[in-house]
Every structure is written in C-alpha cells, then in structure tokens.
Amino acid sequence: MTAIRGSRAQARSKSEFFASLNTALRIYGPAREMCRFTYESFEESTYQPNVAAKVVGLAFLSAVAAWEDFVEEVYLGYLCGYPAPNGHIPKLRVGPAQNKTHAMALAAGESNEHEAARKLKWGNFKWVQALSFIHFSRDNVFANIAAADVTWLDLAQIVRNRVAHNSDKAKAQYKTALNRLLNEHPNSPLPRGFGPGKFLIYTTDADQRLRPLMQEDHHWPDVFEGYVSLWSRLADDLCPEGRPAE
C-alpha cells in the first residue's frame, strides 16, 4: 500500500509539472505572436514587441521554477522509497527516509527545515547528480542524464537569472553564455536588444548549435518550445511510466 501511495505521489509531481509547462505555454503563445522575430517587429515598433518579449521571459521563468520543483519532489520521493509510475526506483545506498521533510534534511545535511531548504540547489543539475551518488547507486536516473542535456539546463538557469535580475553579474553571465553558444568571443556585444525574451523566440534552425532543441511538433520551432520539449523528455527519464527497463 505504501508503494502504491508513493508511486501516485511521484505521478502527481510529474502531472503537476506538465500542467505548469502548459500554463507557461499558454502565456508564451499569445506573446510570441506579438513579437515575431522580424525586422519590422523589432526595428519599426517601439513598444508592443518589446513588452511581449518580456512576457515571454516571465513565462520561461515560471517554467524553470516548475522544473526545479519537479526535480525536488521526484528526488525526495525516491529518497523516501517512492517508486516511479512504472515501478522503477533508484537503488538506495541506505534505508528510505521517513517522509519528505526527513528526506530534505538528509539531502541538505541540516536538521532545521528552513535552513535545509536554503541549502538545496535543485536548479543546479550538476549538483543534483553529485548528490545522487551519495543517496543512490551510481547508475541512477539523475546520473544518467546526458552531459549535453545538463549543459542546456545550465543555460536555462542563466537565462532565468537574466529575466529575474538586472544585476551586472546576471548580465555578464548571460552575455558570456550566449556568445559561447553562438561561437562568438565571450566579450563580443550581443545584437542590439537581444535580451532573454528575444533569445527565447530565436528559431532553432537559425544556428546549428540550437538544433538539438528542435522538435517536429513545434508550432514555433524556437528556443522556448525547445526547452519545453527538453524538460518533458527529461521528466519522462527521471520519472518513467510504462514497464520498467529490463
């Protein structure tokens, strides 16, 4: 009975994540229509496309937050011994936590619940992978996420920080990351007005480095939709359904 409840909890975390992604897409869609990546929309209009691009950025921020929440819930669920919907569970190196509060304390190495939450870094997937080697066998679903996908997750955090903050640090990290992605010198100036909202509507066939984010079923084959596809695929890897792999 406990395993069934645990599996339902994992499935619920995944379902809530997909619902959050759909909400982000509903915010993004109309805004995307108002900020087409064309000369006319970005050079001749002085207001609406730029505001719409900011809305796209905010929708992305909410999607990143949903991804972090999902990783946290699923990780702590596994630490409690909750199986995925298909029955899979990473092999625990020690016994299961009593509940998710206890699991959070174990993950953070901190008995105070509020302090524990502050120490956890669910937005840093490399940190999540390193943590997983402490709690699970080395062949676990977090460790098995490909390095190339982790690089995209790292970039999402940098874009997210640039949306949320106007600090010099956030600007510098964003500029360096995009120049690295597009094979430009780290200190090269970005195109005029090339903020995070504009980058997120950049079509993924515009540069071969963006093509790993392309999916055939996209309405707009752009970076934002590419990330939604990436997160959806990784959610299935972290919390699989169907029959367990042999």
**Request:** Would you point out which residue out of 167, 188 is hydroxyl-bearing (Ser, Thr, Tyr), over 19 Å from residue 71 (Cα atoms) and either at pLDDT 90 or above or touching a Lys or Arg at 6+ places or on another chain (Cβ under 6 Å) (or both)?
**Result:** 167
**Asked** From the list 160, 192, which one is closer than 16 Å to residue 53 by Cα, assigned to a helix (DSSP H, G or I) and open to solvent by 20 Å² or more (accessible area, probe 1.4 Å)?
**Response** 160
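Have a look at 126, 54 and point out the one that is of a type in the set (D, E, K, R), within 29 Å of residue 228 (Cα to Cα) and without any contact (Cβ under 8 Å) to a residue 40 or more places away in the chain.
The unique qualifying residue is 126.
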**Message:** List pairs: first residue in the stretch 14-30 and within 19 Å of residue 219 (Cα to Cα), second residue among the polar types (S, T, N, Q) and in a helix (DSSP H, G or I) anywhere in the structure, Cβ distance under 8 angstrom, at least six positions apart or on different chains.
**Reply:** 18/232; 20/62; 21/232; 23/62; 24/62; 27/62
**Request:** Sort out which residues of the stretch 100-127 are in a loop (DSSP other than H, G, I, E, B) and of a type in the set (Lys, Arg), and write them in order of number.
**Result:** 121
**Asked** Any idea which of (1) assigned to a loop (DSSP other than H, G, I, E, B); (2) touching a Gly at 6+ places or on another chain (Cβ under 9 Å); (3) in contact (Cβ under 8 Å) with a residue 24 or more places away in the chain is the one residue 97 doesn't satisfy?
**Response** (3)
**Request:** Would you be able to say whether some residue in the stretch 65-82 is surrounded by 18 or more Cβ atoms within 10 Å (Cβ to Cβ) and in a loop (DSSP other than H, G, I, E, B)?
**Result:** yes
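The values are calculated or read from the model by the stated rules, or taken from the named source; none is laboratory data. Fair warning: this is a prediction, and the values are worked out from it, not measured in the lab. Positions of Cβ are generated from backbone atoms using ideal geometry, with glycine treated the same way; all protein chains shown enter the neighbour counts. Areas reflect the complete protein model, heavy atoms only, side chains present, ligands, DNA and RNA absent. Shrake-Rupley method; radii C 1.70, N 1.55, O 1.52, S 1.80 Å.
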